[in-house]
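Okay, structure first, notes after.
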Amino acid sequence: MSARVLLLFFVAGSVFAQVTFERILGADKEPQNWLTYSGTPFSQRYSQLNEITTENVKDLELQWIYQASSLEKFEATALVVDGILYTVQAPNDIIALDAATGRTFWTYAYNPSPKARPCCGHINRGLAMLGNTLFMGTVDAHLVAVDAKSGHLLWDTTVAKAESGYSLTHAPLVVKDKVIVGTAGGEFGIRGFIAAYDVHTGKEAWRFYTVPGPGEPGRETWGGDSWKTGGASIWVTGSYDPALNLTYWGTGNPGPDWNGDPRPGDNLYSDSVVALDADTGKLKWHYQFSPHDEFDHDSVQIPLLADLEWPDEAGQKQMRKVMLWANRNGVFYVLDRATGQFLLGKPFVEVNWMNGFDEKGRPIRAPGKVPTVEGTSIYPGSEGATNWYSPSYSPRTGLFYVSSWADYASIFFRIPVKYTEGRVYAGGWPKSYVPDGRAAENFRKDEEGRGSVRAIDPKTGARAWEFKMNDVTDAGVLTTASDLLFSGGREGYFFALDARNGSLLWKATLGGVVASGPMTYSVDGRQYVSVAAGHSLFAFALKK
Amino acid sequence: MKHRGVRVLAVIFVAGRLLAQHGYTPGDVEEGQQLFIENCAICHGPEGDAVPGVALARGKFRHASSDEELNQIIKNGIPGTAMPPGNFHEHQFTALIAYLRSMTASLAGSATTLGDAARGKTIFEGKGGCLNCHRVNGKGSYLGPELTDIGVTRRAAQLERSILEPDAEILPQNRFFHVVTRDGTTITGRLLNLDTFTVQLMDSNEQLRSFLKINLKEFEFVDRSPMPSYQGKLNPAEVADVVAYLVSLRGVDR
């Protein structure tokens, strides 16, 4: 081989490995890879791979397990690029594995500050990638860039102050030459924001505060100085529509969670979806799912984008750019993603905090349904009807799929509250109806709530089918072009359903809670399905 | 908040001696309760029992026993769990520990009149027939709930109610379950685990049994407690004696 040929080979090899933004935009055209948290910028968690089918899925067998050297919850969805799998071992180690064998290439260990105080575990949900660089948010509120070949740190930017309760737990989103993240900390009286950083330098390019400050529109929805501690955190990855150049993000609860008295008003942009210009971070539109929330109804769900036939004002069906959203508050929504117009809202579980919508799509609150000193019973209960775990949409079936906690209530208590920096700022607590809740998981009766995977027809909000589980679930949903649906739950099962009717086709016992979103990829033409459970990552493929 | 203040005073009164051993003042306990309600109840619940596998009011902690160990956990959090490092001043750590200790002490105290524990033991093992279903320190049946450390997990008033009205509150982990296999065999026992596809229970022969739901014709919860009420079977003094005995059961020495 001549030196020139060798050089060409070397250049071609390294160019091929580059994840350009064009590749991310066209991620559905290279389904062997999983280039962004939800699979594509539209966040449908739907794969074109179809080697595994409803007929042969019963022949899935375990290919490898990666056991994390961490006892934290394993909530990350992996990325796969050209046979290499990148994931996060909580809290903040990046691991590069051979996607076919599970063998490790390298580990990058980030040591977060002991001052980090994320509310709900030192967890991380995944990575973003552009070029040869991986991006990770950390529990002490840094954003780091790491070389995907070597696992070496390229830059480290402080996004916010960990001691005050800020943390980063979601997978970043790359748009063009920027990497976008938002801050968690909604139980600590933070002031939430979404910010974009230059992919090469880590320098902040723009910042959008999810709680408006003085002089900004929306400030009037916060009484007094409550905007300073308004929460509206971000802890799940957003989506991107290249045609509109808008990036969409769901926002968390207003602070304090269960006592709204210190923050009179609607509390924009808490519990909302915000549509931001991806180049400038300017707000294009917003829709608030739960104005003046007092139930911790974070709207940190994945903004799932789809193009559907929808009747126009004359009743004629037109293709419409929409957003599908099953909210923690128990309602399934369809919004026009160009304008934010409310198109449909329908409860998908039992709900008692609201009684329908006014003509503008604002929920009508049920009288008396607020947290009290004595306690108030609210459906859905404290963990919501769904939460951060990813939904899926299959263009083949036309159905929207969501893991949900169905038909249960909690008792919501309110207490007086004052803000102290870096302390819990909650104003109450929810209580389970099940006595001695600490032991209830494996003894649950149907009427105490259950987990389920629900299929919803987005054109009507009606339920197409339901797969019931005894215990509740924090597992995401994956669908494929062969009408398979993969999900799991707290019982530790990982299973495949027929996406058309919900019938169970295959299951495996993984021995730990599935609290991550399944994803799929292929290496040398062989399809794998991967999911994290307990403290390990599992990969399945068909028997050879 | 007023009723909470009254309760704190009662707790301090009952627990006074215990707390004095640790050098805590009533002021510490009161401040600790305030801090607990504001910062900890969000996950642990006001009774300290809302996190699966954790019962702060038991006085036996999974990761600590001494005050110093408790201090370290509140200060640094627990890796691998949702327990974050606490952001408190030094004296506030002390106050929180004082309150945790007072919660334990309050379990022992109760509005119920306690009888004589030794007499209670005799009734428990004799005419009460309690060992036919329950087990204490290696003696008795496996079928009902183990009671060896019941004195640290349940208050006297709760124990009294369970003796007189067993159906009033059945904890989820004490639920009974009923299955019918395909060949018509009926098995009832204490439920040990239940999921979408399987059932595990302790049957009436004290055998650990596991079933696939697809192999069952029927399966359902048993709504009523298999425990008989002792209302009218034991007189009030005897009930008080049994309660005193149960309160004295503090687990296996180690």
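Shape class of segment A:18-82 from the Cα gyration tensor (axes a ≥ b ≥ c, square roots of the eigenvalues): oblate, since a/c reaches 1.5 or more and a/b does not exceed b/c. With neighbours defined as other Cβ atoms within 10 Å of a residue's Cβ, the residues A:Val181, A:Val273, A:Val513, B:Val136 order from fewest to most as B:Val136, A:Val513, A:Val273, A:Val181. Placing +1 on the Cβ of every Lys and Arg and -1 on the Cβ of every Asp and Glu, with no other charges, gives the protein assembly as shown a dipole of roughly 560 debye about its Cα centre. When the Cα positions of A:Ala426, A:Phe21, A:Leu60 are compared along the charge dipole of chain A, A:Phe21 comes out farthest toward the positive end, with charges on each C-beta of Lys, Arg, Asp and Glu.
Inter-chain neighbour count for B:76-85: the average number of beta-carbon atoms from partner chains within 10 Å of each residue's beta-carbon is 6. Neighbours of B:Phe197 by Cβ distance under 9 Å: Lys/Arg scored +1, Asp/Glu scored -1, total 0. Residue by residue along B:33-45, Cβ atoms of other protein chains within 10 Å of the local Cβ number 5 on average.
How much net charge surrounds A:Thr479 when only other residues with a Cβ under 10 Å from its Cβ are counted (Lys, Arg +1; Asp, Glu -1)?
Result for the local shell: +1.
Within straight cross-link reach of A:Lys346, meaning Cα distance under 12 Å, which aspartates and glutamates are found once same-chain residues fewer than 8 apart are removed? Straight-distance partners of A:Lys346: A:Asp457.
Taking the charge dipole of segment B:120-211 about its Cα centre, with +1 at Lys and Arg Cβ atoms and -1 at Asp and Glu Cβ atoms, the residue from B:Gln173, B:Asn132, B:Asn193 reaching farthest to the positive side is B:Asn132.
Computed from the alpha carbon positions, the gyration tensor of chain B leads to an equivalent ellipsoid with semi-axes of 37, 25, 15 Å, biggest first. Fewest-first ordering of B:Thr104, A:Thr229, A:Thr36 by other beta carbons within 10 Å of each residue's beta carbon gives B:Thr104, A:Thr229, A:Thr36.
The Rg/Rh ratio for chain A is 0.95, where Rg is the radius of gyration of the alpha carbons and Rh is the Kirkwood radius.
Tell me which aspartates and glutamates have Cα within less than 12 Å of B:Lys121's Cα, excluding those fewer than 8 residues away on the same chain? Straight-line reach from B:Lys121, under 12 Å: B:Glu238, B:Asp241.
How large is the charge dipole for chain B, taken about the Cα centre, if only the Cβ atoms of Lys, Arg (+1) and Asp, Glu (-1) carry charge, to the nearest 20 debye?
That gives a dipole near 360 debye.
For A:Asp156, put the label point 7 Å out on the Cα→Cβ axis and report which residues of segment A:128-143 keep their amide N under 17 Å from it. Counting backbone N atoms under 17 Å from the label point, the list is A:134-143.
Straight-line reach from A:Lys228: taking Cα to Cα under 18 Å and skipping same-chain neighbours fewer than 8 places apart, the lysines in range are A:Lys161, A:Lys418.
In chain A, a dipole from Cβ-located charges (positive for Lys and Arg, negative for Asp and Glu) runs towards its positive end, and of A:Ala162, A:Asn33, A:Ser536 it is A:Asn33 whose Cα lies farthest in that direction. When DSSP beta bridges are restricted to pairs lying wholly in chain A, around 95% turn out antiparallel. Counted over chain B, the DSSP beta bridges are approximately 90% antiparallel. For a 22 Å ceiling on Cα separation, which of these pairs sit above it: A:Lys58/B:Lys213; A:Lys115/A:Lys203; A:Lys178/A:Lys282; A:Lys178/A:Lys284? Pairs exceeding the cut-off: A:Lys115/A:Lys203. Counting every other Cβ atom within 10 Å of each residue's Cβ, B:Ser248, A:Ser404 order from fewest to most as B:Ser248, A:Ser404.
Packing-based ranking of B:79-86, A:309-316, A:166-173, B:139-146 yields A:166-173, B:79-86, B:139-146, A:309-316, ordered from highest to lowest mean Cβ neighbour count within 10 Å.
Taken together, the values in this text are just the output of simple stated rules run on the coordinates, not laboratory data. In this text the structure is predicted, and so the values were computed from the model without any measurement. Using ideal geometry, Cβ is built from the backbone for each residue, glycine included, and neighbour counts are taken over all protein chains shown.
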